[in-house]
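Heads up, the thing below is written out as structure tokens.
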Amino acid sequence: MAQIHGRLVVSKQDEVYLTISTEDSIRKELSEFFKFKVPGASFIPAVRKKFWDGYIRMFKLQKNQLYLGLYTYLKEFCEERDYEIEGYEPETDIFTIERYEEIVQDIPLELRDYQKDAIAYAAHNQKCILVSPTASGKSLIIYSLIRYNFLKKNKEQFDQITSDEIAEPDRSPGGQSNEHYVIGTLKSNEFQHCSSFTDDDEEYIQVVLEKYNEGVIPKNITKRIKQKIEKEVEPLKILSVLKREIPGRLLGIRHSGGSEGYIPKREVSLSEYLVSEK
């Protein structure tokens, strides 16, 4: 078995950076490996005065950060030195031209083969650089990728919501459904007779109860509400959860500014009177 000379534990910090945990000597190697000299650096005043060496280092020693898009080069760095790397695997999309054409078939333009290849490569690798000459249809490639990614994300959200719906009714250990629990909380004496509620708050609560009776509130939203109010005892905090989790469109209401500002529908009667000409 090959001897392992070093070990790097890599984790994804966000969509821009990876965080690398390793020993100090390897960190310094990374800093030297992932650097490049700025063209014409010798003419830059800071370099000439020896305040800066002219190199840009893409591995940040202070924060142990490396750009996520350089992961392939990080693997090469480890393979060349027999270092072990673990903890992170880049996301890849199983992409097929047939699948893509199926979801963008209503685009009134025909994609050329090289455009399809570019879209497939970018969708599969998630992060890459595509080089394409002038007038080769780069805008259509970009538009297609944006459309593809948005549709993919929408499908993931749809699958999540529908899976939540199928999983209901979700019975708690006490035998009550999530909906029964939330309605019971809203109808409890402590909640109904809270002196801190304004008239608008009380009207909002009644609207929520009516929508529950009509079956308007989705079960996955109710499940989230139950999870967040189970340990709450203060009615105002419970009300705040309702306003955050239930979209106003479901209640037929609108919000002013932030999620806390509830504006109930009000009926306004306009009248006029006529003054006869003398």
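Bear in mind these aren't lab numbers, they're just calculated from the coordinates by the rules spelled out. The structure presented is a predicted model; accordingly, all values stated were derived computationally and were not measured. Cβ placement follows ideal geometry from the backbone for every residue including glycine, while neighbour counts extend to all protein chains displayed.
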The range 178-263 - Rg over Rh from alpha carbon coordinates, Kirkwood radius: 0.91
The exposure ranking of VAL182, VAL9, VAL207, VAL233, fewest beta-carbon neighbours within 10 Å first, is VAL233, VAL9, VAL207, VAL182
Kirkwood Rh (inverse of mean 1/r, distinct Cα pairs), the range 6-86, angstrom: 13.6 Å
How do CYS78, CYS194 rank when sorted from fewest to most other Cβ atoms within 10 Å of their own Cβ? CYS194, CYS78
